[in-house]
Structure formats: structure tokens, C-alpha cells
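Since the structure comes first, as C-alpha cells, the remarks are kept for the end.
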Amino acid sequence: MTYTSYLALDEVLGAQRPRSDEHDEMLFIVIHQVYELWFKQLLHELDELQRVLVSGHTPHAVRVLRRVLTIFKVIVAQIDVLETMTPRQFTSFRARLDASSGFQSAQFRELEAVLGRRDERAFAHYPQGGAQRAQIEGAMSRPSVFDSFLAYLHSHGYAVPVDLLERDVRKPVEPSPGLQKVLLQVYADDSGPSTVAEHLVDLDEGLQEWRYRHVKMVERTIGDKPGTGGSPGAAYLRKTLFQPVFPDLWAVRSEL
């Protein structure tokens, strides 16, 4: 076993295959491959987070959330690297991308699902019976991170409304006045569960920061042109801004 074989570096470093001779295409490929690796790690960490939340283990949940938050800071910071490429430099090889688009990232769609997105449009363009479609559909049929948080609160003795604990997890989370009363008590107690709740707010904010930086990067690179592969580009990305994945945790802020 060597460093190269353990990390499968021959495969990893051989996976960058530019389709033009333009200098900046390599950067574009590397950045997006690294994003996919981070998405894979985020899915891995969120799976662990859900497991420890359901078990009611506060210290472990906090540790995993801190790691997830740090990864989000890294992927947001990577946009700074991508923005060193000017619009003209991107245009020099953009046509070589053909129909490929970041909108096709199945891992990011799965990540959205794990965080609570329930929208068939997220997988509508993936072929029926395909592995990627099954991956996203599967995530949308399982409890989300917020469902696991509700189970965590219940295990710590909080009176989470039964209809939420037994809800159809295939449907999106809707704001709940009953749950908001519980969350106010969580914050009033100011113990482990309130720390977990605040880290989930940090996670929600980190996702929204990623979305904002992403749309501004697209706007400064291609303006309002359609994205590659005919995707809506910045017009669609703007619609995703300021949509919290944990609405109840934000709704209680004015009463704390």
C-alpha cells in the first residue's frame, strides 16, 4: 500500500479531461470535481448526523454539525477561486460543455432532499429507472434532517406535536405554531438541544450563503444568459434564495 494507491491518485488525477486547449478549462473541471467530492462528504456526514440525532446523543451531533458547517465554509470559499476566471475566459471553452450543466448534479439534488426538499421537479429530467433518479427519489422518501431533529427533541422530553412525529416524510415541512412553542422552550432551557438548534440555523444559513454566492458568480460570469444545456441559469438560481429549510427555527427568532 502506498500513498498513491491508497488514495487512488492514478484514477483521481486522470479524471481531468479538458475538451479544448484553453488554459482555464482545467480550473473549471477541477473546481466542479472538488465540489462533487465535498457533496459526497456532506451526504456522508448528514447520514451520521441523522443517526446520532435519533439516538439523542448531543455531543456527537454537535461535533458532526461543526464539521458540516466547516465544509460549507470551504465550498463557499471555493467560489473565490472560480471567480478568478473572467467571462471571456469562460466563454473561450463554454461551447465544449455541450448539454452538461451543474443543474445535473444528482448529489446536490440528493443533498437538498436530505435537508428537506420535496419537489418532483428535482428529479423530473433524470430517466425513469436510472440510478440518479432513484438516488434522489429515495432521499425524498426518507426522514429529512429536520425529522431527525424532531425525534431528537422528543427523546429529550420535549412535547413535539404528535402529528409532526408521525407526519408523511415524503411531503415538505410546513411551519408549525405548535412546534414553535416547543422551540421557545428549548431556547429558554439553554441546554444541549438549544446548541443543536443553533447549529441547524447555522447550517441553514450556510446553505443560503452558498446559494447567494453561486448566483452572483453565475451573474458575473454569464449575466442572464441561459445556462449550459439550456438550463435557466441565474434566473432560476435567484428563485432559490432566502428559502429556509428549517422555517420554524427562523420563525421563533422574533420571540427569543
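The values are calculated or read from the model by the stated rules, or taken from the named source; none is laboratory data. Source: prediction; values computed, not measured. Glycine gets a Cβ as well: all are built from the backbone with ideal geometry, and neighbour counts include every protein chain shown. Side chains included, ligands, DNA and RNA excluded: accessible areas come from the protein's heavy atoms. Shrake-Rupley method; radii C 1.70, N 1.55, O 1.52, S 1.80 Å.
Gain in length, F242 to Y3, computed as 0.36 nm per residue apart minus the alpha-carbon separation, to one decimal in nm?
Answer, rounded to one decimal: 81.8 nm.
Under 15 Å from a label point 7 Å along Cα→Cβ of L256: give me every residue in the stretch 175-204 with its amide N that close.
Hits in the stretch 175-204 for L256 at 15 Å: 180-204.
Could you work out how far helix 177-189 tilts from the main Cα principal axis of the chain, as a 0 to 90 degree angle to the nearest 10?
Its long axis makes an angle of about 80 degrees.
Can you divide the C-alpha Rg of the stretch 2-48 by 2.2 N^0.38 Å and report the result to two decimal places?
Scaled against compact globular proteins, the figure is 1.41.
Would you mind checking the radius of gyration and Dmax of the stretch 151-223 based on alpha-carbon positions, in Å?
Values for the stretch 151-223 (Cα only, Rg and Dmax): 16.7, 51 Å.
Using DSSP to define loop residues, name the trypsin sites (Lys or Arg not before Pro) in the stretch 1-87 whose beta-carbon has at most 13 other beta-carbon atoms within 10 Å.
Of the trypsin sites (Lys or Arg not before Pro), the ones in loops of the stretch 1-87 whose Cβ has at most 13 other Cβ atoms within 10 Å are R19.
Report the charge-dipole magnitude of the stretch 79-155 in Debye, nearest 20, computed about the Cα centre from +1 at each Lys and Arg Cβ and -1 at each Asp and Glu Cβ.
The dipole of the stretch 79-155 has a size of about 200 debye.
Over 10 Å intervals from 0, what percent of Cα-Cα pairs in the chain sits in each interval?
Going out from 0 Å in 10 Å bins, the chain shows 6, 27, 32, 22, 10, 3, 0 percent.
How big is the stretch 8-107 by Rg and Dmax over its Cα atoms, in Å?
17.2, 54
What ranking of D119, D21, D80 comes out by heavy-atom accessible area, probe 1.4 Å, highest first?
Largest accessible area first, the list is D21, D80, D119.
Could you work out what % of the accessible surface of the chain is carbon and sulfur, using a 1.4 angstrom probe and leaving DNA, RNA and ligands out of the count?
Result for the chain: 55 percent of the exposed heavy-atom area is carbon or sulfur.
Name the longest site-free stretch of the chain, where the excluded sites are GluC sites (Glu not before Pro) in a DSSP loop with no more than 13 other beta-carbon atoms within 10 Å.
167-256
Using 0.36 nm times the number of residues separating Q208 and R63, minus their current alpha carbon distance, what extension gain do you get?
Answer, rounded to one decimal: 50.1 nm.
Suppose each label sits 7 Å from its Cα in the direction of the beta carbon; what would the K171-I71 distance come out to in nanometres?
About 3.1 nm, to one decimal.
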